[in-house]
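Only one structure is covered here, and it is reproduced in the block below.
The values are calculated or read from the model by the stated rules, or taken from the named source; none is laboratory data. Model, not experiment: these values are computed from the prediction. Please note: Cβ atoms are built from the backbone with ideal geometry, for glycine as well, and neighbour counts cover all protein chains shown.
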Amino acid sequence: MSLSRLLTAQKSPILDKWFALILSTYPSDAAQFFRKKSTFTNPVGHTISQGIEDIFDGVISGAALEQYRPFLDNIIRVRAVQDFTASKAVAFVFHLKTAVRAVCLKKIAAERLHDDLLDLELRIDELSLMAFDIFMQCREKLYDLRANELRDRTLWILKRSGYVTEIEDEPGEIPGERINVKPTKEVN
């Protein structure tokens, strides 16, 4: 028996174990809520559940790593806006190794599939690096959004207080290309 056949046969228990391991990274009340996998009542739980199933199918089929990006992206986006450190946000990828070993290790040993297991774990490691890249892109986007929001609020406050006013764009300048303000009050 090949490892991919074994994993396909054990798909449901592996996914259940993987999902449980992911939920263990959340506080107990949130984990309890995320157990519901309905799209409408719990979109986060559904996103995680569906995402890990798609990732698992890709890993089993030996698909190119880039094909996993959309599935990873969906899960990482959720974890990027939560209070996870980078390592904890992407740790769910490594939990797949734990789930596979917990469910299949005896059969892997009996069938002498250790080399195949090492290949699978290498793919999971590569997947985790991609997950980290996605996480960092999401966090950078969040920080950019927050910085722009802070800049816009500050400008609004300065305008409302009369410390700056907008001036017209120069001829030939793209409207909104830069913020054109001039001081109207001297700050002490």
Worksheet item: touching a helix residue (DSSP H, G or I) at 6+ places or on another chain (Cβ under 9 Å), exposed (fewer than 12 other Cβ atoms within 10 Å of the Cβ) and aliphatic (A, V, I, L, M), is that true of Ala64?
Response: yes
Worksheet item: Across the stretch 45-84, which residue is nearest to Ala20 (Cα to Cα) among those that are at pLDDT below 90 and touching a Phe, Trp or Tyr at 6+ places or on another chain (Cβ under 6 Å)?
Response: Gly45
Worksheet item: Quick one: Leu158 ticks every box in (1) at pLDDT 85 or above; (2) surrounded by 14 or more Cβ atoms within 10 Å (Cβ to Cβ); (3) aliphatic (A, V, I, L, M) bar one, so which box is it?
Response: (1)
Worksheet item: Does Val90 meet the test of being within 10 Å of the chain's Cα centre (by Cα) and assigned by TED's automatic domain parsing to the domain that holds Ser128?
Response: yes
